[in-house]
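Structure first, then comments.
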Amino acid sequence: MDGIKYAVFTEKSVRLLVGKNQYTSNVEAGSTRTEIKHWVERFFGVKVIAMNSHRLPGKGRRMGPIRGHTMHYRRMIITLQPGYSIPPLFLERKELPSKY
């Protein structure tokens, strides 16, 4: 569970989700495909048939004269067998209190 950071919702990832039953998420840079596949199958109870990954570089950051960069991370595209799906993590949108 620690390997997966969060799900990615971009135009491309939504298109892959609807058309090809592929889920996109960012994972820890040190995670391997087999670790992520095993975790997804055990936690969500689905069958993974393919996994694609690519490493995204960190962005350059600067604070005054000090230059640095953010950590790089890995993005996984997980293809599930037909008939399986991962349920959404947030089922309804919570409303803010009226004072905001």
Open item on the list: Take the conditions among the polar types (S, T, N, Q), open to solvent by less than 100 Å² (accessible area, probe 1.4 Å) and assigned to a helix (DSSP H, G or I) and apply them to S13. Does it pass?
Closed with: yes
Task: Evaluation of G68 against (1) part of a strand (DSSP E or B); (2) open to solvent by 50 Å² or more (accessible area, probe 1.4 Å) (one fails), failing number - done: (2)
Task: Filter result (open to solvent by 50 Å² or more (accessible area, probe 1.4 Å) and modelled with pLDDT under 90) within segment 50-59 - done: H54, R55, P57, K59
- [ ] Can you run down the residue pairs with Cβ atoms below 8 Å, 6 or more apart or on separate chains, where the first is in segment 21-49 and of a type in the set (F, W, Y) and the partner is open to solvent by 40 Å² or more (accessible area, probe 1.4 Å) and assigned to a helix (DSSP H, G or I)?
- [x] Y23/L17
Open item on the list: Could you check segment 18-49 and list, in sequence order, the residues that are under 18 Å from Q81 (Cα atoms) and open to solvent by less than 40 Å² (accessible area, probe 1.4 Å)?
Closed with: N21, Q22, T24, S25, I36, V40, V46, V48
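The values are calculated or read from the model by the stated rules, or taken from the named source; none is laboratory data. Because the structure is a prediction, the values reported are computed rather than measured. Positions of Cβ are backbone-derived with ideal geometry, glycine not excepted, and every protein chain shown enters the neighbour counts. Side chains included, ligands, DNA and RNA excluded: accessible areas come from the protein's heavy atoms. Shrake-Rupley method; radii C 1.70, N 1.55, O 1.52, S 1.80 Å.
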